[in-house]
Each structure stands twice: as structure tokens, then as C-alpha cells.
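Student: The structure follows.
No lab work stands behind these numbers, since they all come straight from the coordinates. All figures in this text were calculated on a predicted structure; none of them were measured in a lab. As a convention, Cβ positions derive from the backbone with ideal geometry for all residues, glycine included, and neighbour counts pool all protein chains shown.
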Amino acid sequence: MTLVLAVTWVAREGEGEAVANLLRRLASLSRAEPGCLQYDPHRDPEDPDTFFLFERYVDEAALEAHAASPHFQELVLQEALPRLASRERLLLVPLA
């Protein structure tokens, strides 16, 4: 079953550009994962410290593989999270 992950990140003051650069790197690496169908980071034009990520995976195993990948471990857990004021994740499944 396809899974969608909707994520909102808010960067700490002064960290917006660093977070944007991390997301650019993360996007290309994540899109290359075999189970990733879509990985699109966005930036709020009115609040450049707010980011929205829209991710789609073929199944739960693909999402777990993404979270276990070396690029996720490095770019998200080690580099991005310390730069964030908040992080919200919403996991969704299709209705039909």
C-alpha cells in the first residue's frame, strides 16, 4: 500500500538557508531510492524558515529503508534536526 508522508519543518532563526541546502541534497538522494515514488521539498515564500515536504513511498518497507539510509541519518538526524525549531510529521494512506 502506498504511503504519503507530509512533513513540516520550521528552521531556527538564522538556519533557513542551511536547512534549504540540506533539503536540496536530501531530495536528490531520496528520489534515487528504489521505493521512493516522490520526494518534493517546498519553502514558504512568506516565511522562508518554514518548509513542507511531500513524500510518497511504495510501502512501509520503503519508508523504513528511507529512514535507515545513510543520507537520512546524516542529513536529517545529524545535520537538520539541530537546526529546527519544530518538526511535524503526518503519515497518510490512500482511501481507494
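Student: Any idea which of 11, 18, 85 is in contact with an Asp or Glu (Cβ under 6 Å, 6 or more places away or on another chain) and in contact (Cβ under 8 Å) with a residue 12 or more places away in the chain? Spell out how you get there, then give the answer.
Tutor: On the way: 18 fails: in contact with an Asp or Glu (Cβ under 6 Å, 6 or more places away or on another chain); 85 fails: in contact with an Asp or Glu (Cβ under 6 Å, 6 or more places away or on another chain).
Going through 11, 18, 85 in turn, just one is in contact with an Asp or Glu (Cβ under 6 Å, 6 or more places away or on another chain) and in contact (Cβ under 8 Å) with a residue 12 or more places away in the chain: 11.
Student: What number of residues within the range 43-73 satisfy the criterion of being under 13 Å from the mean Cα position of the chain (by Cα), in a helix (DSSP H, G or I) and closer than 16 Å to residue 23 by Cα?
Tutor: Residues flagged as under 13 Å from the mean Cα position of the chain (by Cα), in a helix (DSSP H, G or I) and closer than 16 Å to residue 23 by Cα within the range 43-73 amount to 5.
Student: Going through the range 79-93 one residue at a time, which ones are over 13 Å from residue 23 (Cα atoms), more than 13 Å from the chain's Cα centre (by Cα) and surrounded by 11 or more Cβ atoms within 10 Å (Cβ to Cβ)?
Tutor: Across the range 79-93, the qualifying residues are 85, 92.
Student: Before we move on, is residue 37 part of a strand (DSSP E or B) and without any contact (Cβ under 8 Å) to a residue 40 or more places away in the chain? Show your work before the answer.
Tutor: On the way: part of a strand (DSSP E or B): yes; without any contact (Cβ under 8 Å) to a residue 40 or more places away in the chain: yes.
The answer is yes for residue 37.
Student: Is it fair to say residue 43 is surrounded by 12 or more Cβ atoms within 10 Å (Cβ to Cβ) and touching a residue at least 40 places away in the same chain (Cβ under 8 Å)?
Tutor: The answer is no for residue 43.
Student: Could I ask something else about it? Scan the range 1-27 for residues that are buried (at least 17 other Cβ atoms within 10 Å of the Cβ), part of a strand (DSSP E or B) and of a type in the set (Val, Ile, Thr) and report the count.
Tutor: Looking only at that region, the number is 1.
Student: On to the next question. Which condition number does residue 88 fail, the rest of (1) of a type outside the set (Lys, Arg); (2) part of a helix (DSSP H, G or I); (3) more than 16 Å from residue 3 (Cβ to Cβ) being met?
Tutor: (2)
Student: Let me ask you something else. Show the residue pairs that are 6+ apart or on different chains and have beta-carbon atoms under 9 Å apart, the first residue being within the range 66-78 and touching a residue at least 60 places away in the same chain (Cβ under 8 Å), the second being part of a helix (DSSP H, G or I).
Tutor: none
Student: Out of 18, 96, 32, 11, I need the residue that is over 15 Å from the mean Cα position of the chain (by Cα) and of a type in the set (Gly, Ala, Ser). Which one?
Tutor: Going through 18, 96, 32, 11 in turn, the sole match is 96.
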